[in-house]
Amino acid sequence: MIKFLKLALLFLSISVSAQQGGMWIPSLLNGMNEQDMTALGSKLTAEDIYSINKSSLKDAIGHFNGGCTSEVISSKGLLLTNHHCGFGQIQSHSSLENDYLKDGFWAKNLSEELPNKGLFVQFIVRIDDVTTSVLSGVNDAMTEKQKQSIIDRNSASVQKAVKREAWQETKVKSFFKGNQYFLFVTETYNDIRLVGAPPSSIGKFGSDTDNWVFPRHTGDFSLFRIYADKNNRPAEYSKDNVPYTPKHFLPVSLDGIAEDDFTMVFGFPGRTNEYLPAVAVAQITQKVNPSNIRIREAALKVMDAAMKKDDKIRIQYASKQARIANYWKKWIGENQGIEKSNAIAKKKAFETEFRKKVIEKGLGDKYGSILSDFDRLYNAYEQFAVGRSNFLEIFYRNNELMRMMMFLNDLEYSAQQGTAQFEKARTSLKGRMQGIYKNYNVEVDKDIFKALMPLYTSEKIDADKIYATDYVDANKGLKMLDGSMTEVIERINNDDTYLFLKGKMEYFNSRLNPQFMEIGERIAAVQKKYMTALMEVMPSDRYYPDANSTLRVTYGKVKGYSPRDAVYYNPVSYLDGVIEKYVPGDYEFDVPQRLIDLYKAKDYGQYADSNGKVPVCFIGTNHTTGGNSGSPAIDAHGNLIGLNFDRVWEGTMSDMNYDPEICRNIMVDVRYVLFIIDKYAGAKHLIDEMKLVHPKKNK
């Protein structure tokens, strides 16, 4: 481990030209990262970005509900994130009478801001390297389970010993495939209120057709506010809470962007796998992704047809459809990007070079078997990786009745652990089922079931019989959970639909999942060894840890790109493009009349570009992934210039293979956000709350 840490320091000290790509730990930006950013045009220091001694940019960046990123943009805790990140909350407040998805929502004052049960925003107080403490007592002679047991015990001890305030929390996260560990001290705010959201015709403009592609014309933003107690500390919702006063908030630039301008995206990327071997990338893109794509296509076809026919179903299924469509299209683009960039062949060539250097350095005994181990393990892994993924897609992610049956299966397992566990599981289950029932349509769900089952099995299944269960009805389904533990378990085991799913779960639990997990653990051990080997054998290369939902900095430039022969995308899209795409009454491309009127009158206020047009979106070379949705795009001076929300289609492969030639992230231009808030919604009181700046004019 000492050798690993020395190697990590070594690669940070090697002088190379400015690099684009990478998701860097903000507490470790001193040195090469700071030099890279300066070379790209940044005027920020590492201390400006991350500091524990003074307020810094990190203090304005919040993890939004555990899955997105948000940023504070006023001294009164005003919070900006994506429309799709706040979609569930916007939907939950919507009804046929007050359709905020269709019409938008704008609170005129603090009293009109809407609370959201369960929504939270978490800030990072500090990040500490605790590798030595966490890995104390771990050695190579141990099994992976033995190592993990010690790591878990050490992590708990580290968290218990750390100095923190009573309202703060801690967590320890693994980096570099388990070779390094960092402690995060955090603060979580639970009173988050909806302030404003454009209609979906703006916030979701282009919907599935435009998703993952450029040019985009989507105003993907929503506004919330953080509330705290009278001491500015985290608190559960209370009418006595007051707007949060942040340690730092982002000023908003009115000067816009130009090609080659520096951009920094600061947020919580979810998961990447940049150091996978070629055999793994081939398996994902040629085996796992194609089967998952077929399943989601079938579900989406049913869902889309139903949503177009019925407004109530449209509201019920809006969030679910967006979630399912998002990764369906992402996987398609990921496959195309891997093929276009010749990523698998390049990885194989890299592995040939790695193998050669292992031999040259006399490390064959130590690392010589790594690549052959990968080949052997992934060959055994394939049937279980594909099978498990298909099972979860069909029975959990795309069909709600089957998901409820899986919850019941978990409940039965909890009953085997005793009454206390059963009662805890029952309480949780009721809440989860109520969440499903709120937006459940049995006919749509049944049609999805009919479409998916032939993709899983050749056996003939009577869908009418499956959907004759009481669990398709909210009142009856929840009542089935009442009574003693014995009564509930007996009742669910008399249900034919539950028995159908239970039979499938027995195979999943006895063979599919155990084999997947067992081989996966062995692959993880080889991957950890491979990470160590790379840094020892090829120390002059640059290495950054894969994303794991922790705070990261990624930097680059505003830059157009060429997705295919004879085509070049300029880096900025404009309101003109919204009008060009306008299709009256269309689910994806309708435009509010108010926006059309503003366009015709050229009533743009102070938000037009130097060419007299309103910018909508722009692209850059920042390395982003899921979780970066809602992340601020920050200029060279630390001001907000945009809001990250997507990637270009071919660039979705950046989760496994970042290529600066074709990987681009897509951001809403903050001037479009301001234009919609001010000129479209008439919510100028929110503009007045922000700090608007002109960094380019004031140079």
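The values are calculated or read from the model by the stated rules, or taken from the named source; none is laboratory data. Bear in mind that the values here come from a model prediction, so they are computed numbers and not experimental data. Backbone-built Cβ (ideal geometry, glycine too); neighbour counts: all protein chains shown.
Among the listed residues Thr131, Thr81, identify the single one that is modelled with pLDDT of 95 or more and either in contact with a Ser or Thr (Cβ under 6 Å, 6 or more places away or on another chain) or of a type in the set (Asp, Glu) (or both).
Thr81
If I filter the stretch 107-117 for residues that are among the acidic types (Asp, Glu), closer than 26 Å to Leu686 by Cβ and assigned to a helix (DSSP H, G or I), do I get at least one hit?
Pass one, the stretch 107-117, residues among the acidic types (Asp, Glu): 112-113.
If we keep only those that are closer than 26 Å to Leu686 by Cβ as well, we get 112-113.
Subset that is assigned to a helix (DSSP H, G or I): 112.
Within the stretch 107-117 (the criterion being among the acidic types (Asp, Glu), closer than 26 Å to Leu686 by Cβ and assigned to a helix (DSSP H, G or I)), the answer is yes, since at least one residue qualifies.
Here is a check on your reading of the model: is Ile634 of a type in the set (A, V, I, L, M, F, W, C) and modelled with pLDDT under 95? Break it down into steps so the answer makes sense when it comes.
Working: of a type in the set (A, V, I, L, M, F, W, C): yes; modelled with pLDDT under 95: no.
It is false that Ile634 is of a type in the set (A, V, I, L, M, F, W, C) and modelled with pLDDT under 95.
Let me confirm something: among Pro584, Pro571, Pro615, which residue is out of contact with any helix residue (DSSP H, G or I) (no Cβ under 9 Å at 6 or more places or on another chain) and buried (at least 18 other Cβ atoms within 10 Å of the Cβ)? Steps first, answer last, please.
Values: Pro584 fails: buried (at least 18 other Cβ atoms within 10 Å of the Cβ); Pro615 fails: out of contact with any helix residue (DSSP H, G or I) (no Cβ under 9 Å at 6 or more places or on another chain).
None of the other options fit; the residue is Pro571.
Working only within the stretch 505-551, note down all residues that are free of Cβ contacts under 8 Å to residues at least 40 places away in the same chain and not acidic (Asp, Glu). Before the answer, list the steps.
Within the stretch 505-551, the first condition is being free of Cβ contacts under 8 Å to residues at least 40 places away in the same chain, and the residues that meet it are 506-507, 509-511, 514, 517-518.
Hits for the stretch 505-551 are Tyr507, Asn509, Ser510, Arg511, Pro514, Met517.
Just one of Val591, Val616 is in contact with a Gly (Cβ under 8 Å, 6 or more places away or on another chain) and among the β-branched types (Val, Ile, Thr); which is it?
Details: Val591 fails: in contact with a Gly (Cβ under 8 Å, 6 or more places away or on another chain).
When all the criteria are applied, what remains is Val616.
What is the number of the single condition among (1) of a type in the set (Phe, Trp, Tyr); (2) in a helix (DSSP H, G or I); (3) in contact with a Lys or Arg (Cβ under 8 Å, 6 or more places away or on another chain) that Tyr587 does not meet?
(2)
Which residue pairs have Cβ atoms closer than 6 Å, lie 6 or more positions apart in sequence or on different chains, and pair a first residue in the stretch 80-97 that is over 24 Å from Ala633 (Cα atoms) with a second residue that is aliphatic (A, V, I, L, M) and not in a helix (DSSP H, G or I)?
Sorted first by the residue in the stretch 80-97, then by its partner, the pairs are His93/Leu114.
With the requirement that a residue be part of a loop (DSSP other than H, G, I, E, B) and of a type in the set (Lys, Arg), what does the stretch 349-372 give you? Don't jump to the end; show me each part of the working.
So in the stretch 349-372, the residues part of a loop (DSSP other than H, G, I, E, B) come out as 361-363, 368-369.
Once the filter is applied, which keeps residues that are part of a loop (DSSP other than H, G, I, E, B) and of a type in the set (Lys, Arg), the stretch 349-372 yields only Lys361.
Is there a residue being closer than 30 Å to Leu223 by Cβ, in contact with a helix residue (DSSP H, G or I) (Cβ under 9 Å, 6 or more places away or on another chain) and outside the structural domain of Met531 (by TED's automatic domain parsing) anywhere in the stretch 171-179? Let's see the steps before the verdict.
Within the stretch 171-179, the first condition is being closer than 30 Å to Leu223 by Cβ, and the residues that meet it are 171, 173.
Checking which are in contact with a helix residue (DSSP H, G or I) (Cβ under 9 Å, 6 or more places away or on another chain) leaves us with 171.
After this cut, where a residue has to be outside the structural domain of Met531 (by TED's automatic domain parsing) as well, the list is 171.
Checked against the condition, which is being closer than 30 Å to Leu223 by Cβ, in contact with a helix residue (DSSP H, G or I) (Cβ under 9 Å, 6 or more places away or on another chain) and outside the structural domain of Met531 (by TED's automatic domain parsing), the stretch 171-179 yields at least one hit.
Which one of Ala318, Ala299, Ala306 is touching a residue at least 60 places away in the same chain (Cβ under 8 Å) and under 20 Å from the mean Cα position of the chain (by Cα)? Walk me through it before giving the result.
Working: Ala299 fails: under 20 Å from the mean Cα position of the chain (by Cα); Ala306 fails: under 20 Å from the mean Cα position of the chain (by Cα).
Matching residue, one of Ala318, Ala299, Ala306: Ala318.
Out of everything in the stretch 655-673 that is in contact with a strand residue (DSSP E or B) (Cβ under 7 Å, 6 or more places away or on another chain) and of a type in the set (A, V, I, L, M), what residue ends up being nearest to Ala633 (Cα to Cα)?
Across the stretch 655-673, the extreme among qualifying residues is Met667.
So how many residues does the stretch 29-52 have that are modelled with pLDDT of 95 or more and within 27 Å of Ser136 (Cα to Cα)?
Total satisfying the criteria: 1.
Evaluate the following for Ile370: is it β-branched (Val, Ile, Thr), over 24 Å from the mean Cα position of the chain (by Cα) and closer than 23 Å to Arg542 by Cβ?
Details: β-branched (Val, Ile, Thr): yes; over 24 Å from the mean Cα position of the chain (by Cα): yes; closer than 23 Å to Arg542 by Cβ: yes.
The answer is yes for Ile370.
Looking at Phe182, Phe224 in this structure, which one is among the aromatic types (Phe, Trp, Tyr) and closer than 30 Å to Tyr317 by Cβ?
Values: Phe182 fails: closer than 30 Å to Tyr317 by Cβ.
The match here is Phe224.
Working carefully through the options Ser133, Ser174, find the one that is surrounded by 14 or more Cβ atoms within 10 Å (Cβ to Cβ), hydroxyl-bearing (Ser, Thr, Tyr) and in contact with a strand residue (DSSP E or B) (Cβ under 7 Å, 6 or more places away or on another chain). Can you show your working first?
Values: Ser133 fails: in contact with a strand residue (DSSP E or B) (Cβ under 7 Å, 6 or more places away or on another chain).
Just one listed residue meets the conditions, Ser174.
Restricting attention to the stretch 438-460, report how many residues are surrounded by 13 or more Cβ atoms within 10 Å (Cβ to Cβ), under 20 Å from Asp496 (Cα atoms) and modelled with pLDDT under 95.
Count: 1.
What residue, of Tyr467, Tyr471, is over 31 Å from the mean Cα position of the chain (by Cα), closer than 30 Å to Val302 by Cα, hydroxyl-bearing (Ser, Thr, Tyr) and surrounded by fewer than 20 Cβ atoms within 10 Å (Cβ to Cβ)?
On the way: Tyr471 fails: surrounded by fewer than 20 Cβ atoms within 10 Å (Cβ to Cβ).
Only one candidate passes the filter, namely Tyr467.
Between a first residue in the stretch 140-153 that is in contact (Cβ under 8 Å) with a residue 12 or more places away in the chain and a second residue that is in a helix (DSSP H, G or I), which pairs have beta carbons less than 7 Å apart while being 6 or more apart in sequence or on different chains?
From residues that are in contact (Cβ under 8 Å) with a residue 12 or more places away in the chain, the pairs are Glu144/Glu521; Glu144/Ala525; Ile151/Val134.
With the requirement that a residue be crowded, with 17+ Cβ neighbours inside 10 Å and among the acidic types (Asp, Glu), what does the stretch 305-340 give you?
Once the filter is applied, which keeps residues that are crowded, with 17+ Cβ neighbours inside 10 Å and among the acidic types (Asp, Glu), the stretch 305-340 yields only Glu334.
Does Ala343 satisfy the criteria of being outside the structural domain of Asp586 (by TED's automatic domain parsing), closer than 30 Å to Asp99 by Cβ and surrounded by 14 or more Cβ atoms within 10 Å (Cβ to Cβ)?
Numbers: outside the structural domain of Asp586 (by TED's automatic domain parsing): yes; closer than 30 Å to Asp99 by Cβ: no; surrounded by 14 or more Cβ atoms within 10 Å (Cβ to Cβ): yes.
No; evaluated as a whole, the condition is false for this residue.
Quick one: which residue in Gly651, Gly626 is part of a helix (DSSP H, G or I) and either of a type in the set (Gly, Ala, Ser) or outside the structural domain of His83 (by TED's automatic domain parsing) (or both)? Steps first, please.
Numbers: Gly626 fails: part of a helix (DSSP H, G or I).
None of the others qualify; the one that does is Gly651.
Being at pLDDT below 95, surrounded by 18 or more Cβ atoms within 10 Å (Cβ to Cβ) and part of a loop (DSSP other than H, G, I, E, B), is that true of even one residue in the stretch 249-265? Please lay out each step first, then the result.
Of the residues in the stretch 249-265, the ones at pLDDT below 95 are 256.
Filter once more, keeping what is surrounded by 18 or more Cβ atoms within 10 Å (Cβ to Cβ): 256.
Filter again for part of a loop (DSSP other than H, G, I, E, B), leaving 256.
Yes, the stretch 249-265 contains a residue that is at pLDDT below 95, surrounded by 18 or more Cβ atoms within 10 Å (Cβ to Cβ) and part of a loop (DSSP other than H, G, I, E, B).
What do you reckon, is Lys230 surrounded by fewer than 24 Cβ atoms within 10 Å (Cβ to Cβ), farther than 30 Å from Glu588 by Cβ and in contact with a strand residue (DSSP E or B) (Cβ under 7 Å, 6 or more places away or on another chain)?
On the way: surrounded by fewer than 24 Cβ atoms within 10 Å (Cβ to Cβ): yes; farther than 30 Å from Glu588 by Cβ: yes; in contact with a strand residue (DSSP E or B) (Cβ under 7 Å, 6 or more places away or on another chain): yes.
Considered against the rule, which asks whether it is surrounded by fewer than 24 Cβ atoms within 10 Å (Cβ to Cβ), farther than 30 Å from Glu588 by Cβ and in contact with a strand residue (DSSP E or B) (Cβ under 7 Å, 6 or more places away or on another chain), Lys230 comes out as yes.
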